[in-house]
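Working notes, beginning with the structure itself.
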Amino acid sequence: MILAAGRGERMRPLTDTMPKPLLQAGKYKLIEYQIMRLAQAGFRNIVINHAYLGEVIEAALGDGERYGVQIVYSAEQFVLETAGGIANALPLLTDDAGNLPFLVVNGDIYCEFDYGKLLPVLQSMYQYSSNRLLHLVLVDNPVHHVSGDFALTHDKLALNGDGNYLTFSGIGIYHPLLFESVEPGMPIKLAPILRAAINEKKATGEHFAGVWLDVGTPERLQQLDRQLSAQKQ
């Protein structure tokens, strides 16, 4: 699942007429980098949620055929926040029994992470769902978030650790059971749900030290555009 329902307030005025995931850096739109990397890793079925200017997203990306994937859309009448949006899309993300874990990525990040590395994690979570409900990819703390989000020791996530705090990248694998208490159609934030599972010691993670950028402001979009344009020269 690619999350693409946000309004992108900090990106205004760029997002007054264009959904944030469709903003361009280098040769492609932000969300296209995610779709292409998912396709390269072998993911073929992608769900994209949207609320703000959703029809523009659907018109731009279509059914995903040109990317080698199948895209279906989870439309929201109003923004349901991250957990609410995921819960709303669960019928499109998991199997009928609600046992199949899935990958979720933010549509407004740029990351050169190899999603193929997460395929064994998906398989393991499917087989041993009672052991963990989530697996997060963490990155080095950016200058705008120096305190980080979670502590990582080996592959175990904690809210309090030995100072090895890293930032949540916006890339995570979740088991449907993580959202069993989320009422469909209600705006629910993801962070409290993640913290609860981490407290219950049902969460693992890994550190990605490669290229990652939270494209949250026009300045960061320009920075990314310069980086990607320079690579082509």
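The values are calculated or read from the model by the stated rules, or taken from the named source; none is laboratory data. All figures in this text were calculated on a predicted structure; none of them were measured in a lab. All Cβ positions, glycine included, derive from the backbone under ideal geometry; neighbour counts span all protein chains shown. The accessibility values were calculated without ligands, DNA or RNA, using every heavy atom of the protein model including side chains. Shrake-Rupley method; radii C 1.70, N 1.55, O 1.52, S 1.80 Å.
Sub-6 Å Cβ pairs linking a first residue in region 18-30 that is closer than 16 Å to Ile48 by Cα to a second residue that is open to solvent by 20 Å² or more (accessible area, probe 1.4 Å) and modelled with pLDDT of 90 or more, at least 6 apart or interchain, are Pro19/Val56; Leu22/Lys29; Leu22/Ala60, ordered by first then second residue.
Scanning region 40-56 for residues that are under 21 Å from Glu9 (Cα atoms) and either of a type in the set (Gly, Ala, Ser) or open to solvent by 60 Å² or more (accessible area, probe 1.4 Å) (or both) yields Ala51, Gly54, Glu55. Given the structure, is Gly170 under 15 Å from the mean Cα position of the chain (by Cα) and surrounded by fewer than 23 Cβ atoms within 10 Å (Cβ to Cβ)? In short, yes.
So, of the residues in region 186-233 that are in contact with a strand residue (DSSP E or B) (Cβ under 7 Å, 6 or more places away or on another chain) and of a type in the set (Asp, Glu), which turns out to be modelled with the lowest pLDDT? By that ranking, first place goes to Asp225.
Restricting to region 45-73, name every residue that is of a type in the set (S, T, N, Q) and farther than 16 Å from Gln34 by Cα.
Here is the first cut: in region 45-73, the ones of a type in the set (S, T, N, Q) are 45, 49, 70.
Passing the criteria: none in range.
Annotation: of all residues in region 4-34 being farther than 23 Å from Glu81 by Cβ and not aromatic (Phe, Trp, Tyr), the one that is modelled with the lowest pLDDT is Pro13. Restricted to region 142-153, and to residues there that are open to solvent by less than 50 Å² (accessible area, probe 1.4 Å) and touching a residue at least 24 places away in the same chain (Cβ under 8 Å), the residue that is farthest from the chain's Cα centre (by Cα) is Leu152. On the stretch given as region 57-89, residues that are in contact with a His (Cβ under 9 Å, 6 or more places away or on another chain), assigned to a helix (DSSP H, G or I) and surrounded by fewer than 22 Cβ atoms within 10 Å (Cβ to Cβ) total 1.
Inside region 128-166, can you point out the residues that are outside any strand (DSSP E or B) and under 15 Å from Asn199 (Cα atoms)? Steps first, answer last, please.
In the first step, residues of region 128-166 are kept if they are outside any strand (DSSP E or B); the result is 128-133, 140-149, 154-155, 159-164.
Hits for region 128-166 are Ser130, Asn131, Arg132, Leu133, Asp149, Asp155, Leu159, Asn160, Gly161.
Taking the stated definitions as given, is Ala97 in contact (Cβ under 8 Å) with a residue 40 or more places away in the chain and farther than 15 Å from Ile2 by Cβ? Answer is no for this residue.
Listed here are the residues, each with its yes/no results for (1) assigned to a loop (DSSP other than H, G, I, E, B); (2) among the hydrophobic types (A, V, I, L, M, F, W, C); (3) modelled with pLDDT of 90 or more.
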{"residue": "Phe113", "(1), (2), (3)": "yes, yes, yes"}
{"residue": "Gly116", "(1), (2), (3)": "no, no, yes"}
{"residue": "Tyr126", "(1), (2), (3)": "no, no, no"}
{"residue": "Phe168", "(1), (2), (3)": "no, yes, yes"}
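Exactly one residue out of Gln222, Gln231 is under 18 Å from Gln34 (Cβ atoms), surrounded by fewer than 19 Cβ atoms within 10 Å (Cβ to Cβ) and not hydrophobic (A, V, I, L, M, F, W, C): that is Gln231.
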